1. Which whole-number percent is the relative contact order of the stretch 145-240 (Cα, under 8 Å, 6+ apart)?
2. Quick one: dipole size for the chain, taken about the Cα centre, charges +1 on Lys/Arg Cβ and -1 on Asp/Glu Cβ, in debye to the nearest 20.
3. Hey, got the Cα dimensions of the stretch 4-44 along the principal axes, in Å, largest first?
4. Could you work out the relative contact order of the chain? I mean the mean sequence separation of Cα pairs under 8 Å and 6+ apart, divided by the number of residues, in percent.
5. Would you list, by chain and number, the lysines whose Cα falls below 19 Å from the Cα of K109, excluding same-chain residues fewer than 8 positions away?
6. Which number comes out as Rg/Rh for the chain once both Rg and the Kirkwood Rh are worked out on C-alpha atoms?
7. Along the Cα-to-C-beta direction of D181, a point sits 7 Å from the Cα; which residues of the stretch 213-239 have their amide N less than 15 Å from that point?
8. About the Cα centre of the stretch 131-213, what is the dipole size in debye to 20, counting +1 per Lys and Arg Cβ and -1 per Asp and Glu Cβ, all else neutral?
Amino acid sequence: MRFTPTNRSNPCPICANDSGKCRTFADTPIVLCMTADRHESVPGYRYSKPSKDRLWGVWTPDDRRTHTEVDRQQWQLDQQRKREQRQREEAEKRAASMPAAERDRHYRKLLPFLSLHPTDRADLTRRGLTPEQIAAWGVVSVVQWQKLDQELPHALPGVSLDGRSLNTSGAGYLCPIRDVDGAIVGFQLRLRESDSGRYRWLTSATQKRPNGATPHLPNGELPLAVHRPAEVKRKAIALTEGTGAKPFITSQRLGV
């Protein structure tokens, strides 16, 4: 079956999303919806099952109940209003995000009070970094719920509400994330032990504090890590998967 991604002229019949996340088909009334909850009551459709890759919910026409076109239009209008409200809320949150220069100023106050644990230093050495490279990067160790010697703004991503500790879920080291201007705009925490991936963005958002500051930039995107070697060996730019330690190590190793 040939699918068509949803767009403005072809919004999703289930959730009214027009960003391309959902899928419709020319030769079948089946809809693949990425956003609607399976328990929602959608006029004219019923949830069938998840797709094989579990990215979408498979929705099929519901002939068991009678729905008018007015019902369908009202449903889509309600979904559109909900989506627009979420977009406004996200835009307001992005606008309130701390800018790069201010993040850099506060994060640089944090670094001198922290040191690098021997276990973490050994890990970085094992991965090929010299003491000079480790120092230049500015990587430091933390423990779970790291206490701070000075109060930092609670609007700084990763800082608790009282400004006196970091939202670090376990022991490990913080990888500074610098932007193209060299400003520290965030951190990724590399945990020493974890059963579900070692890297975590340093964020203030938690279940108890869902509106806490996240590392997202004012444009809504997560930061990119930009690293330059001490000695440029060739005129090239390397792109790596991941934002934690790998970009810095690759930059130093390849000299790009």
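1. Worked out over the stretch 145-240, it gives 23 percent.
2. 540 debye
3. Largest to smallest, the principal-axis extents are 25, 21, 14 Å.
4. Worked out over the chain, it gives 12 percent.
5. The qualifying lysines are K147.
6. Result: Rg/Rh = 1.09.
7. It comes to 217-219, 224, 226, nothing else.
8. Here the size comes out at about 280 debye.
The values are calculated or read from the model by the stated rules, or taken from the named source; none is laboratory data. On a predicted model such as this, the values are computed, not experimentally measured, just so you know. We place every Cβ from the backbone using ideal geometry, glycine too, and count neighbours over all the protein chains shown. Keep in mind that these areas ignore ligands, DNA and RNA; they rest on the heavy atoms of the full protein, side chains included. Shrake-Rupley method; radii C 1.70, N 1.55, O 1.52, S 1.80 Å.
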